[in-house]
1. Here is a list of conditions, (1) of a type in the set (S, T, N, Q); (2) closer than 26 Å to A426 by Cα; (3) touching a strand residue (DSSP E or B) at 6+ places or on another chain (Cβ under 7 Å), and N320 meets all of them except one; can you say which number that is?
2. Between a first residue in region 47-60 that is within 12 Å of the ligand (Cβ to nearest atom) and a second residue that is assigned to a strand (DSSP E or B), which pairs have beta carbons less than 6 Å apart while being 6 or more apart in sequence or on different chains?
3. Anything in region 116-146 that is in a loop (DSSP other than H, G, I, E, B) and in contact with an Asp or Glu (Cβ under 8 Å, 6 or more places away or on another chain)? List them, or say none.
4. Restricting attention to region 248-283, report how many residues are within 15 Å of the ligand (Cβ to nearest atom), outside any helix (DSSP H, G or I) and without any contact (Cβ under 8 Å) to a residue 60 or more places away in the chain.
5. Being modelled with pLDDT of 95 or more and either within 16 Å of the ligand (Cβ to nearest atom) or not aliphatic (A, V, I, L, M) (or both) is true for just one of I125, I92, I108, I103. Which residue is that?
6. Checking the structure you have, find out if any residue of region 210-223 is buried (at least 16 other Cβ atoms within 10 Å of the Cβ), in a helix (DSSP H, G or I) and either modelled with pLDDT of 95 or more or touching a Lys or Arg at 6+ places or on another chain (Cβ under 8 Å) (or both).
7. Considering only region 295-303, I want to know if a residue exists there that is modelled with pLDDT of 95 or more, in the same structural domain as A144 (by TED's automatic domain parsing), surrounded by 20 or more Cβ atoms within 10 Å (Cβ to Cβ) and among the β-branched types (V, I, T).
8. Go over the candidates K192, K239 one by one and state the one that is over 22 Å from A123 (Cβ atoms), at pLDDT 95 or above and of a type in the set (D, E, K, R).
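The values are calculated or read from the model by the stated rules, or taken from the named source; none is laboratory data. This structure is a prediction, so every number in the text was calculated from the model and none was measured. Methodologically, a virtual Cβ is constructed for each residue, glycine included, from the backbone with ideal geometry; neighbour enumeration extends over all protein chains shown.
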Amino acid sequence: MDKLLEKVYGMSAEEMAAAKEHLMVGGGSPFTTALQTGDGIRVTDINGKTYIDCTSQSWALYLGHANKEIREIVYEHMQNQSHIHQGFDTKIRYALAKKLTEIAPPHINRVSFTASSGLGIEAAIKLSLKNVEGSRKVIVLDDAYHGNSLTTAAASWTSTQASGKFTGVMNFRNGLNDLFIRVPNPYTYQWKKTNNPEDCVDYCLAAMENAIQREVVGQVAAILLEPIQASGGQIILPKRYLEGVRALADKYGCLLIFDEIQTYCRIGEWFAYNYFGVEPDIICTGKAIGAGFPMAAVLLRDGLKGFEMNAEELHTFANNTVSQVCALKQIEIIERDNLLENTRNVGKILGDGVKSMMNAYPEIGDVRQAGLHIGVEMVADPVTKEAHPAAAKIKSTAVENGLILGTGGFRKHILKIKPPLITTPADAAEILERWEATLKASLR
Ligand SMILES: Cc1ncc(COP(=O)(O)O)c(C=O)c1O
C-alpha cells in the first residue's frame, strides 16, 4: 500500500479529532462514526461494524461501493488521460454523448456536460431562457429540491419558510434570486380537501395555469420539476399531472425541464419518459451518472437552440474524462447485467415487503415505490396522517441493526430505502428483516 494511504488509513481517534478542527461541513445528516471501507451495498466503519447502505451515499452509487470494474477502468484510462478542459475534444466525450442520446427519449439528441448536478439545473435554466424569447421566470413546485447553490436553492423548498430550522441557506436569502415562481405540487397522499386524489391533480394543474396566466409578467421560460420529488418526500407525481403539465407548457410556449438527477435509472428505466410516457424538452441528470465521480449531463430536445462557443456555459471541470469514462462503463454494466430489470424486481420486493407490514404497523402510512426509489411515510395516525415523531428513533435503531436508511429535506418522517441498483433479492430479504426488527424495537 502507498505509504500515504497507510498513514491516512491508520489515523488514531486522537489524530482524527485534532484534524476535525480544521474542517467545515455545511450540511448532511451526521453519522455516528467514520466510514472506512465499502464493498457493493455494504459499508464498514472504523470500528469494523458493517452496514447495508440504503442511501447509496446521497443516492449516487448505482454499482455500490468501490466497484471493481469502475476501479479498473479508472486506473487504465488514467494512464492515458485525466482532466481535459471542455475547449479540447476527446473521443470519450463523443462516445458518451452518443450513448446517452441513444438511451434518451426519442426527440432528445444533444447533450451538454457539466461538473455537478446543481450546475446542470442552472444550465437547463439558461437553455430555457435562451429559447423562450423575452422570458424571465421559471415555474417550480412546492417541495421541490434542485440543489444548494444560490440559484438552485432559490428554486427549492430550502429557500422557503417550510425549511424551518433545518437549513442555513435562508441565511443568504437576500442573495437568492427572483427567477422562480412556486406553485402547488400534487402530494396526493396528504390531499385533504376532498376524498379524491384526482381532485388534487386538477387543483394543481389549475394553479399552475393560473400562475402562468396571471402571476407572471410576460413569458414563462420553463416549468422545472422532479418527476418524483425526492427531497420533498418521495412524492411520485401522477402521470396525469405530468401529462397536464406537458400540455400547459405546449399551450403557453414554455419548456418543460425534468430534473432527473435522482430518477435516471433508479426508477428501473433509463429516464422518467420510459416510466410516465411524458417527454420533456430538457433533462438534467447527475448524481449517480458518473458512478461515484462528479459530473452531470443536460439533454436537449431537437429543434431548440443549444449552447454556443461564446462562454454561455463554461466550467473548468465540465469535461472530466474520468467521470465520463465511468458514466459510459456504468451504462455498459447496467445493460449487460440487466440492472434496470433488477431495479424493478428488487424495488417491488422491497416495496411489497414494507407494504405487507402495514397491518402490523399502522404507523406505516404510505409506501411510495418506483424501482429502487422508495419512500415510507411514517404517520402518527393513519387518518390524520400527521408526521410520526419516532422516525428519528427508527433511523438510529436501524443503524444499530446495521441498516443505514435515508431521510431528506424537512419531512424527516419519510424514511428512504434507496440502495444501489445491484441489490439482489437476497439482499432485499435481509433489508426487510432488519427493517422489521427496527420497527419492532422502536415502535413496540
Ligand atoms: C432532484 C435533485 N436535483 C438536484 C440536486 C442537486 O444535486 P447536487 O447536490 O449534486 O448539486 C439534488 C441533490 O440532492 C437532487 O436530489
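1. Among (1) of a type in the set (S, T, N, Q); (2) closer than 26 Å to A426 by Cα; (3) touching a strand residue (DSSP E or B) at 6+ places or on another chain (Cβ under 7 Å), N320 violates only (2).
2. T55/I404; T55/G406
3. A144, Y145, H146
4. Adding up the residues that qualify gives 3.
5. It is I125.
6. Yes.
7. Yes; the residues of region 295-303 include at least one that is modelled with pLDDT of 95 or more, in the same structural domain as A144 (by TED's automatic domain parsing), surrounded by 20 or more Cβ atoms within 10 Å (Cβ to Cβ) and among the β-branched types (V, I, T).
8. K239
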